[in-house]
Amino acid sequence: MNINIGNELRWSKSRVLGMAIALGLVSALPAFAETYVAGMVGATLAPDTVRGRVNDPSFVGLPEGTSISNVQLNSSIMYGAKVGHYFNSIPWLGVELEAFVTTPHRPAQRLTLNAPGIGTIQQDEPGATNRIVVVSPLIMVRYQAGAFEPYAGVGPGVFFLHQEQLTASGSPSNYSQSNTGYGLNTQVGLRYRLTGHVSMFGEWKYNYGRIDLAGQANVNHFGINALSQLHHFVFGVGYHF
């Protein structure tokens, strides 16, 4: 009886040792470079207010230095694509290039203007349509835990904005312009591997950039120079090579 128990204990120890050696060999296997492409769709949530200064305030009879304390934007749908690569020598470090489109339009609203020497002024402003294209290279880091893969990325962003002013009735006007701005693009997400090649993911993005739109005297409209902050909640599917 004691001999059998001893044999079983030795056999159990051998199995544990064998499993440990096998796991060690697996962990010691070289990591391979990985490239992926993905499509994504989600929602853009604009902040409650955008604060900045007025460009060309004289177009509406206001002095230089006039600022705006509130500009509300609507939430919108966003969509885009990305391509990325993780390195062979450092499998947790990678690079990514993404591009996406969002349309956080500005509804008709009453703006609060702060004019030097005059004070606070309330002004009704018609709405405008906004189309923003974001292109951004990012440095990526990830942690591989089986099928789950949390990740994060940060990089500069180029923001292409086209805005078209609307009339009081909501129809397009003759006032439209474009602006290219620069800022920060970040993301935090969780990827799940459905197969060796296909994954699904959810992520949160945060954009921080500057909008600089000039005024137009022919339509009696001032411009704005302000910091824009956008939050995006995204779902996507990727293919890994």
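Things worth noting here:
- In order along segment 232-241, the Karplus-derived 3J(HN,Hα) couplings, from 6.51 cos²θ - 1.76 cosθ + 1.60 at θ = phi - 60°, round to 10, 10, 10, 10, x, 10, x, 10, 10, 9 Hz, and Gly and Pro are given as x.
- Folded to 0 to 90 degrees: helix 2-28 orientation relative to the chain principal axis, Cα: 40 degrees
- About the Cα centre, charge dipole magnitude for the chain (Lys/Arg +1, Asp/Glu -1 at Cβ), debye: 800 debye
- Two-site FRET efficiency, Val37 against Gln72, from Cβ-Cβ distance with R₀ of 45 Å, rounded to 0.05: 0.80
- (1) 1.26; (2) 1.00; (3) 0.97, with the label sought being that of the calculated Rg/Rh (Cα atoms, Kirkwood Rh): (1)
- Computed on the chain, with alpha-carbon pairs under 8 angstrom and 6+ residues apart, the relative contact order is 20 percent.
- The modelled label-to-label distance between Thr167 and Leu190, using points 7 Å beyond Cα along the C-beta direction, is 5.1 nm.
Every number here is computed from the coordinates shown, using simple stated rules; none is lab data. Everything numeric here is computed off the predicted structure, so don't read it as measured data. Note: ideal-geometry Cβ built from the backbone for every residue, glycine included; neighbour counts use all protein chains shown.
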